[in-house]
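Colleague: Sharing a structure below in structure tokens format, with a few things to ask.
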Amino acid sequence: MTSLTALAAALALLDPAAACDFDRDAMLAMDEQTFDQTPEGWRSLHGEGCIDQAAQLIADYRAHTGSEGHMLYWHEGQLRAEQGQSDAAIALLDQARQPALDFQGWDHYVDASIAFLNQDRSALEAARERLAATPTPDMEMIATLPDGRRVRVPWPPNLNVVDGFVRCFDQPYAVAYRAPCREQVAFEPVEE
């Protein structure tokens with residue numbers, strides 16, 4: 001740890017808000033892929049525990065860029081859910097629907113997440129069954145993780161998350177979304 005890093009960490013302990021300081025203009029100037037899908041964007045705030053600031057930054061980014069990207073709505077919705085802001089989260093998650101991604105079961109995942117936030121167990125279980133029944137595509141599904149690794153996508157995507165919602169139905173979203181409620185998926189790396 002460099003002395004500058006140690007100093008920053010010590011200052012964050014004295015002033016927790018200091019850990020949430022960021023260059024807003026630089027963030028808003030990022031292209032959408034970098035802002036949303038890499039550790040340099042909003043995820044840098046989330047990683048510091050600055051969940052409210054990260055959620056607001058995504059909203060500001062959408063307003064600043066005019067982007068209607070479904071993943072921006074999705075990620076802001078997840079952050080709002082993590083903070084217990086269920087009504088705001090549901091409205092945002094609902095805007096993340098993507099019928100074009102039906103072959104991946106995306107909207108079933110959206111349905112399950114909203115059902116969990118609404119505390120509607122029967123709707124959650126029905127969405128889980130629809131997601132689990134998503135046919136495996138003929139083509140291999142490859143994803144690039146935020147750290148840049150390319151991996152094969154386990155099928156169907158996000159079933160482990162929904163199983164966590166079912167397993168920990170009575171827990172807040174922030175708990176049900178993570179281990180031990182949610183089993184971690186072992187991603188198979190793609191050799192290039």
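The values are calculated or read from the model by the stated rules, or taken from the named source; none is laboratory data. Predicted model only: the values in this text are computed from it and were never measured. All Cβ positions, glycine included, derive from the backbone under ideal geometry; neighbour counts span all protein chains shown. Ligands, DNA and RNA are stripped out before the accessible areas are found, and what is left, the full protein with its side chains, is counted by its heavy atoms. Shrake-Rupley method; radii C 1.70, N 1.55, O 1.52, S 1.80 Å.
Colleague: Could you give the length gained on full extension between GLU191 and MET30, defined as 0.36 nm per residue of separation minus the Cα-Cα distance, in nm? Please report the intermediate quantities before stating the final value.
Modeller: Details: separation 161, 0.36 × 161 = 57.96 nm, distance 2.93 nm.
Result: 55.0 nm gained on full extension.
Colleague: At R0 = 25 Å, how high is the FRET efficiency between GLU125 and VAL175 if r is their beta carbon distance? Nearest 0.05 is fine.
Modeller: On the way: r = 19 Å, r/R0 = 0.76.
Approximately 0.85, to the nearest 0.05.
Colleague: Carbon and sulfur: what percent of region 69-192's accessible surface (1.4 Å probe)? Could you put the intermediate results ahead of the total?
Modeller: Values: 3210 of 6330 Å².
Here it works out to 51 percent.
Colleague: May I pose another question? Keeping every protein chain present and rolling a 1.4 Å probe, give me the accessible area per residue for the chain in Å².
Modeller: In whole numbers, the chain has 54 Å² accessible per residue.
Colleague: Calculated from the structure, Rg and Dmax of the Cα atoms in Å equals which of (1) 19.2, 60; (2) 22.3, 68; (3) 17.8, 55?
Modeller: Entry (3).
Colleague: Extension gain LEU101-ASN118, at 0.36 nm per residue separation less the Cα-Cα distance, in nm? Could the numbers behind the result be given before it?
Modeller: Working: separation 17, 0.36 × 17 = 6.12 nm, distance 2.34 nm.
Between LEU101 and ASN118, full extension yields 3.8 nm more.
Colleague: Could I ask something else about it? Explain nothing, just compute: Karplus ³J(HN,Hα) = 6.51 cos²θ - 1.76 cosθ + 1.60, θ = phi - 60°, for every residue of region 50-65 in order, whole Hz, x for Gly and Pro.
Modeller: Along region 50-65, the couplings run 9, 5, 4, 5, 5, 4, 5, 4, 5, 4, 5, 4, 4, 5, 5, 9 Hz.
Colleague: OK, next. Quick one: compute the contact order of the chain, relative version, from alpha carbon pairs under 8 angstrom and 6+ residues apart, as a percent.
Modeller: On the way: 241 pairs, mean separation 26.2, N = 192.
Value for the chain: 14 percent.
Colleague: For ASN160, project a label point 7 Å along Cα to C-beta. Then give me every residue of region 137-154 with its amide nitrogen under 20 Å of that point.
Modeller: Taking a point 7 Å out along Cα→Cβ of ASN160, the residues of region 137-154 whose backbone N falls under 20 Å are 137, 140-154.
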